[in-house]
1. Over the heavy atoms of B:MET1, what accessible area does a 1.4 Å probe trace out, to the nearest 10 Å²?
2. Keeping all protein chains in place, calculate the accessible area per residue for the protein assembly as shown (probe 1.4 angstrom), answer in Å².
3. Taking the simple approach of a point 7 Å from Cα along Cα-to-Cβ for both A:GLU88 and A:LYS331, what is their distance in nm?
4. In what sequence, largest accessible area first, do C:LYS150, A:LYS195 appear using a 1.4 Å probe?
5. Using alpha carbon centroids, what distance separates the range B:230-276 and the range B:147-226, in Å?
6. What's the FRET efficiency of C:ARG126 with C:LEU43 using the Cβ-Cβ distance as r and R₀ = 56 Å, to the nearest 0.05?
7. For the range B:154-242, what is the convex hull (Cα atoms) projected area averaged across all directions, in square nanometres?
8. Report the net charge of residues surrounding C:VAL67, where surrounding means a beta-carbon distance below 12 angstrom and charges are Lys +1, Arg +1, Asp -1, Glu -1.
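The values are calculated or read from the model by the stated rules, or taken from the named source; none is laboratory data. Not measured: the values here are computed from a predicted model. Note: ideal-geometry Cβ built from the backbone for every residue, glycine included; neighbour counts use all protein chains shown. These accessible areas exclude ligands, DNA and RNA; they are computed on the full protein's heavy atoms, side chains included. Shrake-Rupley method; radii C 1.70, N 1.55, O 1.52, S 1.80 Å.
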Amino acid sequence: MKLSEIAGILDGDIEGSRDTEITGAGKIESAKGDQITFISNPLYEKYYETTSAGCVIVSREFEPSKVRSDIPLLRVDDPYIAFVKLLELFEEENEEGEGISDSAVIDENCELGEGIYIGEFVRLGRESRVGDGTRIYHNCTIGKGVVIGKNCLVYSNVSIYDNCRLADNIIIHSGTVIGSDGFGFAKQSDGSYKKIPQTGNVVIGNNVEIGSNTSIDRATIGSTVIGNGVKIDNQVQIAHNVEIGENTVIAAQAGIAGSSRIGKRCMIAGQAGIVGHISICDDVIIGASVGVSKSITEPGIYTGYRAKPSKEDLRQEVRIRNLEALEKRLKAIEERIQKI
Amino acid sequence: MKLSEIAGILDGDIEGSRDTEITGAGKIESAKGDQITFISNPLYEKYYETTSAGCVIVSREFEPSKVRSDIPLLRVDDPYIAFVKLLELFEEENEEGEGISDSAVIDENCELGEGIYIGEFVRLGRESRVGDGTRIYHNCTIGKGVVIGKNCLVYSNVSIYDNCRLADNIIIHSGTVIGSDGFGFAKQSDGSYKKIPQTGNVVIGNNVEIGSNTSIDRATIGSTVIGNGVKIDNQVQIAHNVEIGENTVIAAQAGIAGSSRIGKRCMIAGQAGIVGHISICDDVIIGASVGVSKSITEPGIYTGYRAKPSKEDLRQEVRIRNLEALEKRLKAIEERIQKI
Amino acid sequence: MKLSEIAGILDGDIEGSRDTEITGAGKIESAKGDQITFISNPLYEKYYETTSAGCVIVSREFEPSKVRSDIPLLRVDDPYIAFVKLLELFEEENEEGEGISDSAVIDENCELGEGIYIGEFVRLGRESRVGDGTRIYHNCTIGKGVVIGKNCLVYSNVSIYDNCRLADNIIIHSGTVIGSDGFGFAKQSDGSYKKIPQTGNVVIGNNVEIGSNTSIDRATIGSTVIGNGVKIDNQVQIAHNVEIGENTVIAAQAGIAGSSRIGKRCMIAGQAGIVGHISICDDVIIGASVGVSKSITEPGIYTGYRAKPSKEDLRQEVRIRNLEALEKRLKAIEERIQKI
């Protein structure tokens, strides 16, 4: 694609050759002559002098310390947003085509939409439904009575248990398990445990993305619910009967124990843990590795091994760091008093 | 099923219509007219006034603030236990039937019991044994020389490495890996690592349940051992040569490092971590996200970022919270002394 | 194999019968008469009196309290190294043979090396390459344009996304996902998130081992890079654009957030977490469950919920433990002053 075309798409202004041929995007440190790159964070401006990229997208205000006449600049309002737009443009079309692979096993009474793709070694249980344009990759196992909406993308080696319901435009990455039994046992008098039947399912809203090797357990009765627009990273654990509100984001290795409810637009950072049977209100930010053992009813940032409002946590951290000084002051007083 | 039949099974007494037809179970907030529900926790009594359930199981002592003539009550000794019994009753029969799917690949010299089910795209290595009534779902890979006992349930996409041995009545959820190599390397003089061959296996006792995406490594030599009745949640890591005692319960995302031994009837909460080469005695409770770096020889509850007996940990937590007051008292003294 | 042969291979001296027949290796507590065992750690010397092993490898200096005439000793310079060498010797040859299983689906334009093995239900995407001697086990999904070098071992149920590049002598355990999308979203004004296309790949160096159920995300642009000789345990999360230096070791359930760079020869213990966009220099040791939120520029050991140099962390821990005494001293002073 010619740079002039790209400038048209991004509504940008070229300084330099309009005819440069661009075939892809790259990082400013490593982009080649047929790749376009960008500078958004000033920390990366230093690479401008040495980059081999075919073009650099910059802000309208960008002033290089030394102009490079060999590389055209493309000036736009927001270089980052423009670059993301370009990535979408260059994103390799998924070329698997449509259709159902020869090896896939589709049980009786399934409803298959138009323009779908079912990969090799996929097993689709009876009475399941796959909506228009949905793609299910290789080695996935989909249970019976599962409903998957339109334009979903299920990567390889995913397991979806019986009766789970997925809405539209959902992406699920490899190795993820949807609908496994909740961890529910009743202690017996002899110290052993008896399994409490897990009879519910998992219900996932529109536009949800779920990373790789994540687990979402089905409810004991009723549904574990993932709201519209929720984004879940890799290796996240979501226990039975949990409910996650719309547009909440959960980073890798976080865990949410049984029956807890997370509000809308929350951000839960990596390795955070939330105990069972509590509620987190809307617009709460939980820091990395934070442990939440009580309900949170006020929006804000919470940090610490035992979750606290972040300001309070930082003050406590400072006090602990000051303990050495405190001890010295105490010692000084003791000596002083000794003399008195 | 008529309510009168259910009352017979649960040994309960009906107040209201004995002829109500019940087809399933539901949560009191959302149960429909053909579903039965229960009240065990008093917090849920408030839903009695608004539920649409076809019947509510309650204790013999339950006294509603306002009697609803439209919904029969079923009085039993323990509503929770009665409800679990009903869930078992209503639990959908697994209807996959018996047999070996056409696509499964069974290597030579396998011994297959009666009434088993082997799903699509399962590969069973040579000289493996599958006991009567065991079901192995789709896309599982079972190595050679593996022994699986009777009435086990192995969900889809599970990998079991060579020579592992599973007893009877075991459930393994999707994505779990049994018998991968332990993490053992010998540091070389040039800073690189040389793999120490992992030649052992994993041995799992009767009545064990293992969640999804869990990893249990095989021993370097000998066996990693999971005792009878152990329940392991999702995304748990059990390293090589670990031994877990009978009826111990391990919640999601907990990790146990190499060669550690866990006693019987322990409870290890979510995200807890136990370092290698230590012992935890019987009847120990480890809290969520607790780090255990030394052996524990006394039963009890242990909490904290660095595990301590829980009472001690809580006292320490209070002292830290009181640091602000402590600083003020110190300051007051300093000023007082200044004056003296 | 006769003990005399083993002695020759290990350059050791036999005390006792040279003709003992050895067929395998075992732990000293449980080894049988045809198995060889070893004593390296003095803690295990006590088992010498009771072992049933066919031979015990010991150091040249080992002096048993009571000589057992029924069991030959094999004296070597370093019993542990000798034993590991033997494990390699006894390690069961992988007997799957060579070839491509009937059920595997190999797309067009793949290049397959000599002496490879492709297991059942493997799908290899178009234009992928598999080097000489590499073995890919059952139910793996390999994307298109993937390059796998020589003598690699990919266990069952592994997913490798399009265009990832693996060098030689790499081992990947079951359930691991290489190349899933990074967790990158742009917040929209209505509170929802828009996916940022992830267009890069994962590049893995020589002699890398990766455990089970681990996730390594591909870069947004460019590559997520795992250096030569890196060893990664089970359930590790490596986010997009991370770079790991040569011979670094990462234990189970650790997580490294996006764009962080880890130096060479680092050791990252289990459940540790490293936030995004920071650098860890060479030769750093991060303790178990430690949280690292700032770059580390000095080699050494770092511990604590909030990573600190280990000595500093321990001093702080002692100060917190001394808080009770501190409070008492303060109280004493207050009473003293009261009297003054």
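1. The value for B:MET1 is about 70 Å².
2. Values: 42290 Å² over 1020 residues.
For the protein assembly as shown, the solvent-accessible area averages 41 Å² per residue.
3. Using points 7 Å along Cα→Cβ, the separation is 6.3 nm.
4. Numbers: C:LYS150 100, A:LYS195 50 Å².
So the residues, ranked largest to smallest area, are C:LYS150, A:LYS195.
5. Answer, in whole Å: 13.
6. The computed FRET efficiency comes out at 0.50.
7. Numbers: hull surface 22.9 nm².
Its average projected convex-hull area is 5.7 nm².
8. Numbers: positive: C:LYS66, C:ARG68; negative: C:GLU15, C:GLU49, C:GLU63, C:ASP70.
Residues near C:VAL67 contribute -2 overall.
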